[in-house]
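Have a look at the structure below, then the notes.
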Amino acid sequence: MNTVQQVNILSLEFKANPFPLLARLRAEQPVCRITLPDKTPVWLVTRYEDVKTLLTDERFAKSRYNALTPAQLRKQPWVPQMFRPLERNMLDLDPPDHTRLRKLVHKAFTPRLIEQMRERVQKLANDLLDAASQKGAMDLIRDYALPLPMTIITEILGVPIKDRDKFHIWSKVIVSVNQFNANWRMIIAIWKFNRYLRGFFKVRRDDLQEDLVSALIQAEDAGDRLSEDELLAMVFLLLVAGHETTVNLIASGTLELLQHPDQMEKLRRKPLLIRSAVEELLRYTAPVFMSTERYAREDVTIQGVTIPRGEMTLGVIGSANRDETVFDNPDTLDIEREPNKHLAFGYGIHYCLGASLARLETEIAIITLLGRMSDLRLKGSPESLRWRPSLFLRGLDTLPVEF
Ligand code: HEM
């Protein structure tokens, strides 16, 4: 087997089955430095407790401006000026900026408010399956797993549903980026996305509605307001994070159930197990496979290995979720697993803002699918499935099924 430094963690081979290599890393090199194909050096942290430390320890910053020395900052890859406003999104910021921005939006995503969307999500799931069921086969991603979260997040924000496909085309390019240096496809996608959103804000300012963008435009929290750039960064983050993640959970979750027919049958017989089943699918598939980047503010030693100040570090959530010191039989899919303290939604102050929404959408999507399509099966072999090239996310490109 290759040494880890030789393995390309962006390769589709690694995406298809990263787990044996990650088990080796946890055992032999739990904190390890690799180099991405674009030569960016990255530290990978793979054990459960260490990933939790990385996500909570104040010696790591989210924003590189809070960690890198001036000399290191000068050597950072070139970032086009128009990307700068997007750096004002909460996931890339530390307190107090992060605290302020999260406070302005968290009320829209509380479990109680999200629960009120149950009927809407259920109707959408039924409508999508009504349309697909005429055909006898579908791409589960294009026809179901993608339009469901995409429609819901655009409805919450109030951006026009007719433009849904455009957002997805742009965001697909942006999350597929497998390097930290800007490339032209990404620059064009971000430019179009920015231009679209700024135009939309103009329309909304003159015609406020009962939606989240209108609420953010008016947001006043202790006299606080979002600047135009912060509004742009917020809506951009919510649109992208609100669908590029859940699509992976619905699709990879369905794939795992198809590949574990005993678990799928158990869930069909006892639909009330859907709650613990979704937690287990979150643990097992880890749709956000790596945390987003952290930067050491000082030299930090973990497991006897020192990560020097300013170096980029990623917590491998997909590995933490299979840590044998925390989960019994971690490579077994058990939809009744209890306890199940997976890190699929992260940990600490950046814990996923949309966790309740993602859970609701996935519970409804999977249980409705299994309930309505009793002979659902994969079309083609599992080996022919293609995984999306993304550093942070793990998800399929397409998932052809028959019924
Ligand atoms: C299965 C679906 C999802 C998964 C697995 C997931 C996972 C995650 C993870 C791991 C983080 C933390 C990243 C880090 O610390 O580096 C995160 C943050 C975040 N997620 Fe999600 N997410 C999902 C769905 C959603 C949805 C539907 C939304 C829409 C509202 C959303 C919005 C966010 C936001 C805004 C943050 C940043 C929070 C902060 O910085 O305080 N996510 N998510």
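Some values worked out for this structure:
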quantity: Some residue of the stretch 186-200 being out of contact with any helix residue (DSSP H, G or I) (no Cβ under 6 Å at 6 or more places or on another chain) and closer than 30 Å to Arg275 by Cα; calculated: no
quantity: Condition broken by Arg309, with the remaining ones in (1) surrounded by fewer than 20 Cβ atoms within 10 Å (Cβ to Cβ); (2) within 15 Å of the ligand (Cβ to nearest atom); (3) basic (Lys, Arg) satisfied; calculated: (2)
quantity: Any hit, the stretch 159-179, residues being over 22 Å from the mean Cα position of the chain (by Cα) and not β-branched (Val, Ile, Thr); calculated: yes
quantity: Looking only at the stretch 334-348, and only at residues there that are assigned to a loop (DSSP other than H, G, I, E, B), open to solvent by less than 70 Å² (accessible area, probe 1.4 Å) and under 29 Å from Leu91 (Cβ atoms), the one that is farthest from the ligand (Cβ to nearest atom); calculated: Arg337
quantity: Residue pairs meeting the criteria (Cβ under 9 Å; at least 6 apart or on separate chains; first more than 20 Å from Leu239 (Cβ to Cβ), in the stretch 80-104; second near the ligand (Cβ under 8 Å from one of its atoms) and open to solvent by 20 Å² or more (accessible area, probe 1.4 Å)); calculated: Asp94/Ile349; Pro95/Ile349; Thr99/Ile349
quantity: Total residues in the stretch 53-75, condition touching a helix residue (DSSP H, G or I) at 6+ places or on another chain (Cβ under 7 Å) and in a loop (DSSP other than H, G, I, E, B); calculated: 2
quantity: Enumeration of residues in the stretch 267-306 that are in a helix (DSSP H, G or I), farther than 24 Å from Gly380 by Cβ, more than 16 Å from the ligand (Cβ to nearest atom) and open to solvent by 50 Å² or more (accessible area, probe 1.4 Å); calculated: Arg269, Pro271, Leu272
quantity: Arg225 being open to solvent by 10 Å² or more (accessible area, probe 1.4 Å) and over 29 Å from Ala16 (Cβ atoms); calculated: yes
quantity: Conditions (1) buried (at least 17 other Cβ atoms within 10 Å of the Cβ); (2) under 16 Å from the mean Cα position of the chain (by Cα); number of the one not met by Phe403; calculated: (2)
quantity: Residue satisfying all of: in the stretch 312-324; crowded, with 22+ Cβ neighbours inside 10 Å and assigned to a strand (DSSP E or B); farthest from the ligand (Cβ to nearest atom) among these; calculated: Val316
quantity: Some residue of the stretch 368-387 being more than 16 Å from the ligand (Cβ to nearest atom), under 22 Å from Val121 (Cβ atoms), open to solvent by 20 Å² or more (accessible area, probe 1.4 Å) and in a helix (DSSP H, G or I); calculated: yes
quantity: Flag if Glu361 is in contact (Cβ under 8 Å) with a residue 40 or more places away in the chain and open to solvent by 10 Å² or more (accessible area, probe 1.4 Å); calculated: no
quantity: Within the stretch 133-148, tally of residues that are without any contact (Cβ under 8 Å) to a residue 60 or more places away in the chain and either among the hydroxyl-bearing types (Ser, Thr, Tyr) or farther than 22 Å from Ile169 by Cα (or both); calculated: 2
quantity: Whichever residue in the stretch 228-254 is under 18 Å from Ser214 (Cα atoms) and more than 10 Å from the ligand (Cβ to nearest atom) and, among such residues, is surrounded by the most Cβ atoms within 10 Å (Cβ to Cβ); calculated: Ala233
quantity: Residue within the stretch 188-203 that is within 13 Å of the ligand (Cβ to nearest atom) and open to solvent by less than 70 Å² (accessible area, probe 1.4 Å) present; calculated: no
quantity: Pairs where the first residue, in the stretch 156-170, is in a helix (DSSP H, G or I) and the second is aromatic (Phe, Trp, Tyr) and within 16 Å of the ligand (Cβ to nearest atom), C-beta under 9 Å, 6+ apart; calculated: Ile156/Phe109
quantity: Flag if Arg337 is at pLDDT 95 or above, out of contact with any Gly (no Cβ under 8 Å at 6 or more places or on another chain) and basic (Lys, Arg); calculated: yes
quantity: Every pair of residues 6+ apart whose Cβ atoms lie under 7 Å, when the first sits in the stretch 209-237 and is within 14 Å of Asp97 (Cα to Cα) and in contact (Cβ under 8 Å) with a residue 12 or more places away in the chain while the second is among the charged types (D, E, K, R) and not in a loop (DSSP other than H, G, I, E, B); calculated: Asp221/Lys103; Asp224/Arg100; Asp229/Arg88; Glu230/Arg88; Ala233/Arg88
quantity: Checking Ser356 against (1) within 13 Å of the ligand (Cβ to nearest atom); (2) open to solvent by less than 20 Å² (accessible area, probe 1.4 Å), the condition it does not meet; calculated: (2)
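To keep it simple, each residue is scored yes or no on (1) under 23 Å from Ile302 (Cα atoms); (2) within 16 Å of the ligand (Cβ to nearest atom); (3) surrounded by fewer than 17 Cβ atoms within 10 Å (Cβ to Cβ); (4) at pLDDT below 95.
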| site | (1), (2), (3), (4) |
| --- | --- |
| Leu25 | yes, no, no, no |
| Gln29 | yes, no, no, no |
| Thr46 | yes, yes, no, no |
| Leu55 | yes, yes, no, no |
| Lys62 | yes, yes, no, no |
| Arg74 | no, no, yes, yes |
| Trp78 | no, no, yes, yes |
| Met82 | no, no, yes, yes |
| Pro95 | no, yes, yes, no |
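The values are calculated or read from the model by the stated rules, or taken from the named source; none is laboratory data. Because the structure is predicted, anything quoted here is derived from the model rather than measured. So basically every Cβ, Gly included, is an ideal-geometry build from the backbone, and we count neighbours across all protein chains shown. Side chains included, ligands, DNA and RNA excluded: accessible areas come from the protein's heavy atoms. Shrake-Rupley method; radii C 1.70, N 1.55, O 1.52, S 1.80 Å.
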